[in-house]
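J.: This is the structure I want to talk about, given as structure tokens.
Every number in this text was worked out from the coordinates using simple rules, so none of it is lab data. Note that the structure is predicted; figures quoted are calculated from it, not measured. Neighbour counts are summed over all protein chains in view; Cβ atoms, including those assigned to glycine, are modelled from backbone coordinates with ideal geometry.
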Amino acid sequence: MAKIVRSAIIGLFFCGLAMSCGSENSAQMQTGVAENGESFRYGQATTLALSPVESIESQNSVSAPSSTAVDAKTTQNTAETTEGSSSSSNRSSGVPLIIYDTDMGPDIDDAPGLAMLHGYETDGKAELAAVTVSRQGFDGAQFSDALNTFYGRPDVPVGIYKGSTGANSSQYTYLVDSFPHDLSEAPDGFKVQRQVLADAEKSGRKVIMIQVGFSSNISELLNSRADEISDKSGLELVENNVSLLSIMAGAPTSVEFNIKHNLPAAENLFAKWPVDMVVSYWDTGGHVYYPYSAIQKLPTDHIVRQAYEVGGPGNSPYAGGGWHEPAGDFYNMRSWDLTSVLHALEPERDYFGISSAGTVRLEGGVAKFSEGDGGRHYILSNTSGYSAEQKNKAATAMAAMIR
Ligand SMILES: [Ca+2]
């Protein structure tokens, strides 16, 4: 009991900082209510009866999707030196354009999620067309630009939501001062998205949208009308040019963080989204741990490693209170945002299992899914019952893309 009380106190502290409180699963997580009435999650990772992800070194027998040898130093250089040819090759080969819509800052997983996309682009499997930040806070846009610059792609457009959301704290974006970046201003996120979709309409290329934060920008996109960018509405641009929205949001029995902090936008998104949507509930990434041992393979000055290790040994803001799984001086990361990236780029690998088509309806913020009824929503399966090998396979595939 003392342990739970202590965890509750820690949980209150972190949620007070508006960190990514995820959702609460009554079957597996301890829950409570903060003074402001918001529910929060403070479950101890060690009480979830999960097998910690084994080190990547032990997973050599698990096949990763492409280049599995993660030599961080050489691949980073490769990304920087071959990006030009890679981008031109991607452009001509018709690989999907990607819009990464993120709340970059409150939790760590947005940063490695974006890093994965650079890995896919370097491998010729995708082209990062834009990053749009779904919370207020220019720091999130700057950090995204710095990460893009780190990977040799400094000119990826970055947009930002200019309304308000319920969460805007950041634990690591101040590190941007240590990395080259040149973003001086950012346009509205939905306008950046409109531009990508309008360009795609002309080129005939398809766009995959990946939303791993709040629904702020994409809700505005769906509400947008003809403007100087396109004579099409946002809804038409999505219908004509987007093949998939891969989204990390929601939980079937509680109000998940990404839903909670801009509920009207999420309700608008789920009600109006006109093409396929694959939803990664809290539980999916919450049960797949990205091992710290994979982070340790990156150079110490790598932007993702710096963000992951923010706070320093034994003082990580992410290691306590069951937020992620403590591992030595740091933590193994719950891989929420990475699941949506992984599924979007490797759907054929079916790492998580997927439902039949149906509809997700938000009922007071709780994401209720029902199969059938003509819906175009799908949910990734809850991985809580998966074997350690299956979880490791997903984590290994993620790590193969972060270099
Ligand atoms: Ca996120």
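J.: Could you work out the percent of alpha carbon pairs in region 53-401 separated by over 34 Å, rounded to a whole number? Write out the running numbers ahead of the final one.
T.: Details: 10364 of 60726 pairs.
Taking all Cα-Cα pairs of region 53-401, the fraction more than 34 Å apart is 17 percent.
J.: Got a sec? Charge dipole of region 53-401, +1 on Cβ for Lys and Arg, -1 for Asp and Glu; which of W323, T253, N217 is way out at the positive end?
T.: Ranked along the dipole, the leading option is T253.
J.: Output the peptides 327-333, 200-206, 285-291, 297-303 sorted from most to least packed, where packing is the average of other Cβ atoms within 10 Å over each peptide's residues.
T.: On the way: 327-333: 21.1, 200-206: 13.9, 285-291: 27.0, 297-303: 16.7.
Answer by packing, highest mean first, reads 285-291, 327-333, 297-303, 200-206.
J.: Taking the Cα centre of region 53-401 as origin and charging only Cβ (+1 Lys, Arg; -1 Asp, Glu), how large is the dipole, in debye to the nearest 20?
T.: Numbers: 24 positive and 44 negative charges, 91 e Å.
Its charge dipole is roughly 440 debye.
J.: Considering all projection directions equally, how large on average is the shadow of the alpha-carbon convex hull of region 173-217, in square nanometres?
T.: Numbers: hull surface 18.8 nm².
For the Cα atoms of region 173-217, the hull's average projected area reads 4.7 nm².
J.: Taking the simple approach of a point 7 Å from Cα along Cα-to-Cβ for both S387 and Y174, what is their distance in nm?
T.: Here the modelled spin labels are 4.6 nm apart.
J.: Greater than 22 Å separation of Cα atoms is the criterion. Which listed pairs, K162/K202; K125/K232; K125/K272; K232/K272; K162/K260; K162/K191, meet it?
T.: Details: K162/K202 28 Å; K125/K232 28 Å; K125/K272 29 Å; K232/K272 16 Å; K162/K260 18 Å; K162/K191 11 Å.
Going by Cα-Cα distance, K162/K202; K125/K232; K125/K272 fall outside the 22 Å limit.
J.: Something else: With labels modelled as points extended 7 Å from the Cα through the Cβ direction, what inter-label distance (nm, one decimal) is found for E371 paired with D155?
T.: 4.8 nm
J.: Can you work out the FRET efficiency for the pair S164 and R349, with r the C-beta to C-beta distance and R0 = 41 Å, to the nearest 0.05?
T.: Details: r = 38 Å, r/R0 = 0.93.
It comes to 0.60.
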